[in-house]
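The values are calculated or read from the model by the stated rules, or taken from the named source; none is laboratory data. The shown structure was predicted, so the numbers you read here are calculated from the model rather than taken from an experiment. In this analysis, Cβ positions are derived from the backbone assuming ideal geometry, glycine residues included, and neighbour counts consider all displayed protein chains.
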């Protein structure tokens, strides 16, 4: 019998089916080969447990709509591998599904997002299944499943400008978010699987690559950067859901940093290339309010 082939399919967060472009499932088995008595080789592989993790790459708007910028507890999560038959994706209930076991939960968060010129703003998402008692595997596989259907196609965004305290400096050719979320999951009492997860801290920042180091440095005013005196805002333009063209309406995503600091990173130049400079914007908050304020109905400013 020839090997079976499988490929990508939508995932499901609670009751929402989401479009994904890449998945990774790490069983996270902890394997400790044990040697003793001067033996040359291990005599046992001790398996104290596992810490499974799932990573997904998906359109940012889809991820933001279901997860926001913080942590989300999932009571249902499903991941699929679509089976192929007769050279094409099979129809019917023949596909493989991994899902949270009964009474188990999962933590889910956006870890970051990125886009380059002509690209699509994609989010990186991490899901950590949690056992309800430490011994029940929190993520279980079943075969012969139907694939979930998307309610609608994802809304896509691409690169936009960055406004630094009210001034747009043209030349941004890549941008991204790093939400810097420090999540700690714990296995206790000799349990096999994690039962708890806690976001200890977060240090979010916006990053980018700019093709006008001179102009950007002039705006920053110093190699030490500049504080967000009247908002630093990163924009991401939407692709029209009807024409596919980049929209000029009030449908951009904006990420506003009201308190923080923007600093320059390395300036890089080489033969036959255009000089570029990295930029970094750190968000600050003295309360539980997230340093980033996101709008999904913003208007990108005109390029001067």
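Yes or no: residue 92 out of contact with any strand residue (DSSP E or B) (no Cβ under 8 Å at 6 or more places or on another chain), part of a loop (DSSP other than H, G, I, E, B), over 16 Å from residue 60 (Cα atoms) and at pLDDT 95 or above?
no
Check segment 43-54 and report whether any residue there is surrounded by 11 or more Cβ atoms within 10 Å (Cβ to Cβ), touching a residue at least 40 places away in the same chain (Cβ under 8 Å) and touching a helix residue (DSSP H, G or I) at 6+ places or on another chain (Cβ under 6 Å). No, segment 43-54 contains no residue that is surrounded by 11 or more Cβ atoms within 10 Å (Cβ to Cβ), touching a residue at least 40 places away in the same chain (Cβ under 8 Å) and touching a helix residue (DSSP H, G or I) at 6+ places or on another chain (Cβ under 6 Å).
Going through (1) at pLDDT 95 or above; (2) in a loop (DSSP other than H, G, I, E, B); (3) exposed (fewer than 15 other Cβ atoms within 10 Å of the Cβ) one by one, residue 20 falls short only on (3). For segment 227-286, residues that are free of Cβ contacts under 8 Å to residues at least 24 places away in the same chain, loosely packed, with under 13 Cβ neighbours inside 10 Å and in contact with a strand residue (DSSP E or B) (Cβ under 8 Å, 6 or more places away or on another chain) total 3. Of all the residues in segment 56-89, those that are crowded, with 16+ Cβ neighbours inside 10 Å and either more than 22 Å from the chain's Cα centre (by Cα) or not in a strand (DSSP E or B) (or both) number 11. Suppose the filter is out of contact with any helix residue (DSSP H, G or I) (no Cβ under 9 Å at 6 or more places or on another chain), crowded, with 21+ Cβ neighbours inside 10 Å and free of Cβ contacts under 8 Å to residues at least 60 places away in the same chain; does residue 101 pass it? Spelling it out, it is not the case that residue 101 is out of contact with any helix residue (DSSP H, G or I) (no Cβ under 9 Å at 6 or more places or on another chain), crowded, with 21+ Cβ neighbours inside 10 Å and free of Cβ contacts under 8 Å to residues at least 60 places away in the same chain. Close Cβ contacts (under 6 Å, 6 or more residues apart or on different chains) running from residues in segment 208-221 that are within 25 Å of residue 121 (Cα to Cα) to residues that are assigned to a helix (DSSP H, G or I) and modelled with pLDDT of 95 or more comprise 210/216. Looking across 156, 183, one residue alone is within 17 Å of the chain's Cα centre (by Cα) and surrounded by 20 or more Cβ atoms within 10 Å (Cβ to Cβ). It is 156. As for segment 112-121, it holds at least one residue that is at pLDDT 95 or above, assigned to a strand (DSSP E or B), within 25 Å of residue 294 (Cα to Cα) and touching a helix residue (DSSP H, G or I) at 6+ places or on another chain (Cβ under 6 Å).
In segment 25-40, which residue that is more than 13 Å from residue 129 (Cα to Cα) and not in a loop (DSSP other than H, G, I, E, B) is farthest from the chain's Cα centre (by Cα)?
The residue in question is 34.
Does residue 118 qualify as being under 19 Å from residue 207 (Cα atoms) and surrounded by fewer than 18 Cβ atoms within 10 Å (Cβ to Cβ)? For residue 118, the condition - under 19 Å from residue 207 (Cα atoms) and surrounded by fewer than 18 Cβ atoms within 10 Å (Cβ to Cβ) - is met. Among the residues of segment 156-178, those that are out of contact with any strand residue (DSSP E or B) (no Cβ under 6 Å at 6 or more places or on another chain) and not in a strand (DSSP E or B) comprise 165, 166, 169, 170.
Are any residues in segment 287-304 over 28 Å from residue 66 (Cβ atoms) and in contact with a strand residue (DSSP E or B) (Cβ under 7 Å, 6 or more places away or on another chain), and if so, which ones? Once the filter is applied, which keeps residues that are over 28 Å from residue 66 (Cβ atoms) and in contact with a strand residue (DSSP E or B) (Cβ under 7 Å, 6 or more places away or on another chain), segment 287-304 yields 301, 303, 304.
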